[in-house]
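What follows is a single structure, written as structure tokens, with notes after it.
The values are calculated or read from the model by the stated rules, or taken from the named source; none is laboratory data. Note that the structure is predicted; figures quoted are calculated from it, not measured. When we count neighbours, we look across all protein chains shown, and the Cβ atoms used for this are built from the backbone with ideal geometry, even at glycine.
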Amino acid sequence: MQVVPPAPTIVEQIVRRALSEDIDRGDLTTEACVSPSTIGSAVLNAREALVMCGLPIVEEVYAQVDPLVDVDPHVDDGHSVEAGAAVATLSGPATSILLGERVALNFVQRLAGVATMTRRFVDALPPGSATRITDTRKTTPGLRAVERYAVRCGGGYNHREDLGAAVLIKDNHIAAAGGIREAIERAKARAPHTCRIECEVDTRAQLDEALEAGADIVMLDNFDDAQVRDAIEAVAGGAIIEVSGGITIERVAALGRMGVDVISVGALTHSSPSCDLGLDWT
């Protein structure tokens, strides 16, 4: 399944900021060592097995650095590749290829890391499971759109995009509002009728209160497996169940077999290690 990248204007802005960090003062080494007339090519190689992600961003990097650089992807984002696979070839002015190399690699290494970690969590679900693995808002500042794209490339789903996308009542909202019932009632009175109300709960008592107040979605925060089973019985299909907090890949299969609706995993974006890809001159 082809995954749609973020809007071109968003990618353009993200890439422009990244390039500004690295090349605003030029490339002293390349300018000193390489003739401006040199034409060359380089292959982007996966040096470990991974889920590819970020090739459209590489294309945007070189569109901004020098449109004369041709980026020829050999795979689509979202595809698994083995160590040693050539995922793209770059050709054109050597100075331009070198100028954009680090920024391009930073993006694909980071995004392939997120996609690969996500795929591992998704693959840990039992066969045929309807449970969704989702990200959270724990993203790298300025990179949320592309990191959310990487999660989708890995087979995961996106949680709310930003604070304006959904009502999610968390512990500090509950404390500030004076309680779960008060927070949910205020949310129901003010949120659009098209908006579901989600409430985070830390205990069974909070779960019961949230259900009685009419929460559409309950987030079970840091519940162990026994507590999750008890919560599923209590909810009895009356709300969407999301499990969050300290989720490890070892727990995913059990949670999927229980039938929870959503497992949200902050680690997909805040703890995924970058993948090893390199640009090798040919």
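So which of G156, G142 ends up being crowded, with 18+ Cβ neighbours inside 10 Å, in contact with a Lys or Arg (Cβ under 8 Å, 6 or more places away or on another chain) and not assigned by TED's automatic domain parsing to the domain that holds G54? Lay out the reasoning, then the answer.
Numbers: G142 fails: crowded, with 18+ Cβ neighbours inside 10 Å.
Just a single option satisfies the conditions, and that option is G156.
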- Of the candidates L143, L99, L90, L105, the one satisfying the condition of being more than 22 Å from E198 (Cβ to Cβ), within 15 Å of the chain's Cα centre (by Cα) and of a type in the set (A, V, I, L, M, F, W, C) is L143
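Quick check, is R229 more than 24 Å from A254 (Cα to Cα) and either loosely packed, with under 12 Cβ neighbours inside 10 Å or of a type outside the set (A, V, I, L, M, F, W, C) (or both)?
Values: more than 24 Å from A254 (Cα to Cα): no; either loosely packed, with under 12 Cβ neighbours inside 10 Å or of a type outside the set (A, V, I, L, M, F, W, C) (or both): yes.
Here the answer is no, as R229 does not meet what is asked.
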- Task: Give just the number: which of (1) farther than 20 Å from V218 by Cα; (2) in a loop (DSSP other than H, G, I, E, B) does R152 not satisfy?
- Result: (2)
- Only residues that are in contact with a Ser or Thr (Cβ under 6 Å, 6 or more places away or on another chain) and either of a type in the set (A, V, I, L, M, F, W, C) or in a loop (DSSP other than H, G, I, E, B) (or both): list them for the stretch 126-137, please. D135, T136
- Message: Take the conditions under 25 Å from the mean Cα position of the chain (by Cα), assigned by TED's automatic domain parsing to the domain that holds M219 and surrounded by fewer than 19 Cβ atoms within 10 Å (Cβ to Cβ) and apply them to G164. Does it pass?
- Response: yes
- Consider only pairs whose beta carbons are under 6 Å apart and that are at least six residues apart or on different chains; among these, list those whose first residue lies in the stretch 122-146 and is of a type in the set (D, E, K, R) and whose second residue is in a loop (DSSP other than H, G, I, E, B). D135/N158; D135/H159; K138/G266
- Exactly one condition in (1) surrounded by 15 or more Cβ atoms within 10 Å (Cβ to Cβ); (2) within 29 Å of the chain's Cα centre (by Cα) is not met by H193; state its number. (1)
